[in-house]
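Just below is one structure, and these are the notes that go with it.
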Amino acid sequence: MTFTLPELPYDRDALEPHISARTLDYHHGKHHKTYIDTLNRNVAGTPYEGMTLEDVIRTSFKKKDKSVYNNASQAWNHTFLWDSMKSGGAGRPTGELSGMIKDQFGGLDTFRKQFKEAAVAEFGSGWTWLIADDDTLAIVSTPDADSPLTTDVTPLLTLDVWEHAYYLDYQNSRDKYVDAFLEHLINWDFAEANLEALDARSQLRASSDVSLAAARREYSG
Ligand SMILES: [Fe+2]
């Protein structure tokens, strides 16, 4: 087995009453597991075996290996989803993210309104994300298995808007499921940690650029 189904970061009933244990039984135990199992069958004996999941996603996307890409991306997206929620979540972001949401969305209420509009408007199956593009935040939706991972932006949070994510609890009322996420479940600590990791990568890049520039000066001098 190349890839394994990660454990949920909380008990199956931890998100009740907003997301039931029964939904997580199916969503994590059946849907997420099936993406992992199918991916393992697809990559067996191929150059994808032994790559990181992120590299499988980026490489299969470029090569247009649709089945590998879809299952790898869904495997990654669901792991990111579980971390995007927590028991007793929502509340307010802290740290740098708090200021960025205020500056770029005008406040948390406007962020929630825009995220809900994007999640409800996504036609069919897909994902809605809060992403960072350097120091700019944005809300984007991706269809089917797609994620921002194949672009240069950094995902901070996601919500699965496939019907299997909410049908048992909310039937066809995606809007109520999105409200539950925004008002009770968002794991702002996870978003903040992703933003801090982006900042650290940017600083590392900036310091290598400085070293490179210093080396060029030394060489030409
Ligand atoms: Fe899902």
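The values are calculated or read from the model by the stated rules, or taken from the named source; none is laboratory data. A quick note: this is a predicted structure, and the numbers were derived from the prediction, not measured. Cβ: placed from backbone, ideal geometry, glycine included. Neighbour counts: every protein chain shown.
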Per-region count, region 22-52, residues within 16 Å of the ligand (Cβ to nearest atom) and either among the basic types (K, R) or touching a residue at least 24 places away in the same chain (Cβ under 8 Å) (or both): 13
Is it true that K33 is under 23 Å from F181 (Cβ atoms), assigned by TED's automatic domain parsing to the domain that holds D134 and at pLDDT 95 or above? no
Quick check, is D109 of a type in the set (D, E, K, R) and within 16 Å of the ligand (Cβ to nearest atom)? no
Criterion first (in contact with a helix residue (DSSP H, G or I) (Cβ under 9 Å, 6 or more places away or on another chain) and either surrounded by fewer than 18 Cβ atoms within 10 Å (Cβ to Cβ) or modelled with pLDDT under 95 (or both)) does R112 satisfy it? no
Selection from region 128-169 of residues that are out of contact with any strand residue (DSSP E or B) (no Cβ under 8 Å at 6 or more places or on another chain), more than 20 Å from N70 (Cα to Cα) and more than 14 Å from the ligand (Cβ to nearest atom): D134, D135, T136
From the list A75, A118, pick out the single residue that is in a helix (DSSP H, G or I), within 16 Å of the ligand (Cβ to nearest atom) and among the small types (G, A, S). A75
Tell me the residue from H27, H32 that is in contact with a strand residue (DSSP E or B) (Cβ under 9 Å, 6 or more places away or on another chain) and surrounded by 19 or more Cβ atoms within 10 Å (Cβ to Cβ), please. H27
